[in-house]
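J.: The structure is given below, and queries will be raised subsequently.
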Amino acid sequence: MAKTTANTERTEVSEAQIAVHWKEEAYYQPSEKFKAQANMRDAHILEKFGVDKFPDCFKEYADMLTWFEPYRTVLDTSDAPFWKWFVGGKINASYNCVDRHLAKHASKAAFIFVPEPEDQPPVAIKYQELYARVNELAALLRGLGLKTGDRVTFHMPMVPELPITMLACARLGIVHSQVFGGFSGQACGSRIQDSGSRVLVTMDGYWRNGSLIDHKANADIAVRTAKDLGQAVDKVLVWQRYPGTYSAKTPMVPGRDFFMNDLLKEYTGRTVEPVALPSEGALFLMYSSGTTGKPKGAQHSIAGYLSYVTATSRWILDIHPEDVYWCMADIGWITGHSYIVYGPLANAATSVLYEGVPTFPDAGRPWRIAERLGVNIFHTAPTAIRMLRKLGPQEPRKYKYRFKSMTTVGEPIEPEAWRWYYDEVGKREAVITDTWWLTETGGFLGVTVPAIHPMKPGSCGPGAPGIHPVIYDETGAEVPKGSGKAGNICIRNPWPGIMQTLWGDRDRYVKTYFSKYNRNPSSKDWRDWPFMCGDGAVQAADGYYRILGRIDDVINVAGHRLGTKEIESACLTVPEVAEAAVVPVADEVKGRVPEVYIAIKPGVQPSQDIIDRVIRANEEVIGKIARPKHVYIVPDMPKTRSGKIMRRVLASISNRRDVGDVTTLANPDVVEQIRTLVQGKDVIATKDELPEDIAKFGQAE
Ligand code: WTA
């Protein structure tokens, strides 16, 4: 936790920053046409989900699901803060996403898969076919001896086989843990180990930026890494990107590796009854980065999670069964789980699944896909918006798609990018909802209800229905709205979508999310357990929140959380490196990117080769998204007298800011040496305050 002195500074910084840079944005109103068709039109919805109606207001969410047995208790707080929702009920997520739609929607597309190569046509998977494929696969998984409660790790690209495998697991209560396909084999291996999976599901290859990548190679590394960490993987189940053909060069390992399509032959036409599982059973794990080097596995429940993503998909994304909805995120992240697969499918939506890069082969690709498929709800991240704007500001005008609703997620969006999204992509017709939330929260926390609340560029809006945010300062006092002060945003109450725990680490769950503001560790009253989100935020006088970014040494690269400690330990795998420090640098497209400073061991000559190997180490240990923008070899790290590396000083240098007073450091001279190395001889620093998340960097220990 941050120390008080450091935090006094932090608050001053944020106040100054807000005073200088923040101006109130004008509201934008949803169109009458949008309002008339919206799923949620009740102007009093937030009052209906007021704190005084908690927790019973969430019964309405549970009612959106089909239950095998009704629940008895809405919220059980007896093991606070490990909340249990809809206790006593029996339910199945696969049934709710697939089977229950067959009566009405059997011949409607559940997914439309768009391969990256543009000459390969989109493939529609109807609900009837989805049902058949999920069942056959569930039969296969059962045939392999997998059962309720087992964990299975996936390292899959964006192909229909990914949601099919997720839903097959969900049918049996097998807990899936999908690792983002762009993560390295090593990163996958350490997550296999943490979750205790004995089975890895992968694919031989997939298209990315014009090449067919050999992805099977990563499976071999993952299995080896897991084994080194003490976890044996018995089986690697390999989907083929082109069934019947092997698209990778890496050999299959006899007895361990099996082609899914071969195994499936035995199960053609088989069906498996969806298992009636307890509400509070685990549906999946999703790993995310935090302050320490070890990623944490957020464990999500079946009924609470599914009800939450179903309701928010209906009311906030405004998905109707007749809509064509496209979320351009990757299923390897929580956004894809909640808002490509589970939420949309529970609403019988048609969900578009695109394999590749949005700008391949050019920046018109997303708009061509939207036009061709008749997409009318579009969901993406600020990074993609910035990139598409940079490469093709006029491209959307060339295409005849029409969006009624658009969403952004993952990072703060600056008002300028917001306006391009609104004017050009949305053609001034579509509403925009800026959705703020986290892996741990399952679904949206801060959003506008699109037909009811006006939009305000750069702000996510008030709390979602039934979500009651509060901003606390370091002492635990509430920061009032309209004060212009920043603080730690927390949620006062539990909600059905919140994770159940961190896999295998109850203590870390309590410590990370609750300890700081918990008033009484033995309390069973939810009011004593505000959930700390890990973001800094300010609340304007109108109640809208503006999110300032992570406060826990996590760098949000293109909307993806990367832990500083993970990057630093990757750097330290290069034997010549004695010390490593990573800092975030503002980037016009990706929001933030990591920049690395290393000190090398005595007697070693600095060289480009060391720099190259540090870059490679990051790609191998984490993945290409962790590739540092620069690696600087420095004579020494700036340190306090107690030996702590001052990352904030390095962050100032990297971001071309004044380093401030460094005379109290143990080695103040080194600061100027590093500054010259990075910025050159001339002083090019500005006096502008650093953005909040960068300014407080390195204070979270
Ligand atoms: C950031 C992604 C501003 C925030 C769903 C959060 C946002 C972290 C927004 C979680 C938004 C997400 N505006 N910041 N609309 N959405 N963030 O776990 O810092 O990958 O804590 O979940 O992304 O990232 P995660």
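The values are calculated or read from the model by the stated rules, or taken from the named source; none is laboratory data. As the structure is a prediction and not an experimental result, all values here were calculated from the model. Note that each Cβ is placed from the backbone with ideal geometry, even for glycine, and that neighbours are counted across all protein chains shown. Protein only, heavy atoms only, side chains kept; ligands, DNA and RNA dropped before computing areas. Shrake-Rupley method; radii C 1.70, N 1.55, O 1.52, S 1.80 Å.
J.: Let a ≥ b ≥ c be the square roots of the eigenvalues of the Cα gyration tensor of segment 438-514; is it rounded (a/c under 1.5), or, if not, prolate (a/b larger than b/c) or oblate? All intermediate terms of the calculation are to be shown ahead of the outcome.
T.: Details: a/c = 2.65, a/b = 1.33, b/c = 2.00.
Verdict is oblate for segment 438-514.
J.: Follow-up. Shape of segment 627-700 from its Cα gyration tensor (a ≥ b ≥ c, root eigenvalues): rounded if a/c is under 1.5, otherwise prolate when a/b > b/c, or oblate?
T.: rounded
J.: Moving to a separate point now. Report the semi-axes of the equivalent ellipsoid for segment 33-123 in whole Å, largest first, where each axis is √(5λ) for an eigenvalue λ of the Cα gyration tensor.
T.: Gyration-tensor ellipsoid for segment 33-123: 34, 21, 15 Å.
J.: Right, here's the next one. Only Cα pairs under 8 Å and at least 6 apart count here; give the relative contact order of segment 246-309 as a rounded whole percent.
T.: Relative contact order comes out at 24 percent.
J.: Which one of Val409, Ile45, Thr573 has its Cα pushed farthest toward the positive end of the charge dipole of the chain, where Lys and Arg give +1 and Asp and Glu give -1 at the Cβ?
T.: It is Ile45.
J.: Pulled fully out, how much extra length does the chain show between Lys601 and Asn209, if you take 0.36 nm times their separation in residues and subtract their Cα-Cα distance?
T.: The Lys601-Asn209 span can extend by a further 137.3 nm.
J.: Right, here's the next one. Evaluate the Debye formula for segment 320-411 with equal point scatterers sitting on the alpha carbons, no solvent, and hand back log10 of I(q)/I(0) at q = 0.12, 0.17, 0.25 Å⁻¹, in q order, two decimals.
T.: So the normalised log intensities are -0.34, -0.70, -1.46.
J.: Taking H as built 1.01 Å from N, whose amide H comes closer than 5 Å to the amide H of Asp434, not counting residues under 5 places away?
T.: Thr408, Thr448
J.: With only Lys, Arg, Asp and Glu charged, each at its Cβ (+1 for the first two, -1 for the last two), find how big the charge dipole of the chain is about the Cα centre; round to the nearest 20 debye.
T.: In total the dipole reaches around 800 debye.
J.: In whole angstrom, note down how far apart the Cα centers of segment 531-598 and segment 461-492 are.
T.: Value for the Cα centre distance between the two parts: 22 Å.
J.: Given a Förster radius of 25 Å and the C-beta distance between Asp636 and Asp612 as r, what FRET efficiency does 1/(1 + (r/R0)^6) yield to the nearest 0.05? Let's see the in-between values first.
T.: Details: r = 22 Å, r/R0 = 0.89.
Step by step, r from the Cβ atoms, then E = 0.65.
J.: Treating the beta-carbon of each Lys and Arg as +1 and of each Asp and Glu as -1, no other charges, what is the dipole magnitude of segment 265-402 about its Cα centre, to the nearest 20 debye?
T.: Taking the Cα centre of segment 265-402 as origin, the dipole is about 620 debye.
J.: Further question on the same structure: Considering the dipole of the chain built from charges on the beta carbon (Lys and Arg +1, Asp and Glu -1) around the Cα centre, which of Met455, Pro668, Phe259 is farthest to its positive end?
T.: Farthest towards the positive pole: Phe259.
J.: Something else now. Take the Cα pairs of segment 569-700, get the Kirkwood Rh, then feed it into Stokes-Einstein at 4 °C and 1.567 mPa s and tell me D in µm²/s.
T.: 85
J.: List the lysines whose Cα lies under 21 Å from the Cα of Lys624, skipping any in the same chain that are fewer than 8 positions away.
T.: Lys216, Lys249, Lys294, Lys296, Lys565, Lys590
J.: Check each of the trypsin sites (Lys or Arg not before Pro) in segment 494-530 and keep only those in coil by DSSP with at most 11 other C-beta atoms within 10 angstrom; list them in order.
T.: Values: sites: Arg506, Arg508, Lys511, Lys516, Arg519, Lys524, Arg527; in loops: Arg519, Lys524.
Sites meeting the loop and neighbour criteria: Arg519.
J.: Next up: Quick one: how many Å² of Lys53 are accessible to a 1.4 Å probe, rounded to 10?
T.: The accessible area comes out at roughly 90 Å².
J.: Let me ask another. Quick check: Cα centre of segment 153-192 to Cα centre of segment 31-107, how many Å?
T.: 26
J.: Put one equal scatterer on each alpha carbon of segment 206-323, apply the Debye formula with no solvent term, and list log10 I(q)/I(0) at q = 0.15, 0.17, 0.22, 0.23 1/Å to two decimals.
T.: Rounded to two decimals, the profile gives -1.17, -1.24, -1.16, -1.17.
J.: In segment 369-493, what is the volume of the convex hull around the alpha carbon atoms, normalised per residue and reported in Å³?
T.: 127
J.: Give me the percent of accessible area attributable to carbon and sulfur for the chain, probe 1.4 angstrom.
T.: Of the solvent-accessible surface of the chain, carbon and sulfur hold 52 percent.
J.: Under a cut-off of 16 Å between alpha-carbon atoms, report the lysines in cross-link reach of Lys126, not counting same-chain residues fewer than 8 places apart.
T.: Lys104, Lys108
J.: Further question on the same structure: Quick check for me: using +1 on Lys/Arg Cβ and -1 on Asp/Glu Cβ, what's the dipole size of segment 248-344 about its Cα centre, in debye to the nearest 20?
T.: 420
J.: Related question: So, taking all protein chains as they sit and a 1.4 Å probe, how much accessible area belongs to Glu60, in Å² rounded to tens?
T.: About 90 Å², rounded to the nearest 10.
J.: At a 1.4 Å probe radius, which order do Leu263, Leu502 fall into by accessible area, largest first?
T.: The ranking, largest first, comes out as Leu263, Leu502.
J.: Taking Cα atoms of the chain, Rg/Rh with Kirkwood Rh, to two decimals?
T.: 0.95
J.: For the chain, with the dipole built from +1 on Lys and Arg beta-carbon atoms and -1 on Asp and Glu ones, taken about the Cα centre, which of Ser338, Ile471, Leu144 lies farthest toward the positive end?
T.: Final value for the positive-end residue is Leu144.
J.: Additional query: Using only Cα atoms, locate the centre of segment 366-411 and the centre of segment 495-518, then give the distance between them in Å, rounded to an integer.
T.: With segment 366-411 and segment 495-518 each reduced to a Cα centre, they are spaced 36 Å.
J.: Taking a ≥ b ≥ c as the square roots of the Cα gyration tensor eigenvalues, with a/c under 1.5 meaning rounded and otherwise prolate when a/b beats b/c, else oblate, which class fits segment 479-590? Before the final figure, lay out the partial values.
T.: Details: a/c = 2.55, a/b = 1.37, b/c = 1.87.
It comes out oblate by the Cα gyration axes.
J.: Tell me which trypsin sites (Lys or Arg not before Pro) from segment 548-645 have a DSSP coil assignment and no more than 11 other beta carbons within 10 Å of their own.
T.: Answer by residue number: Arg641.
J.: Accessible area of Arg397, 1.4 Å probe, to the nearest 10 Å²?
T.: That residue has around 140 Å² of solvent-accessible surface.
J.: If I stretch the segment between Lys53 and Ser523 completely, what's the gain in nm (0.36 nm per residue apart, minus their alpha carbon distance), one decimal?
T.: Once the chain is fully extended between Lys53 and Ser523, it gains 167.1 nm.
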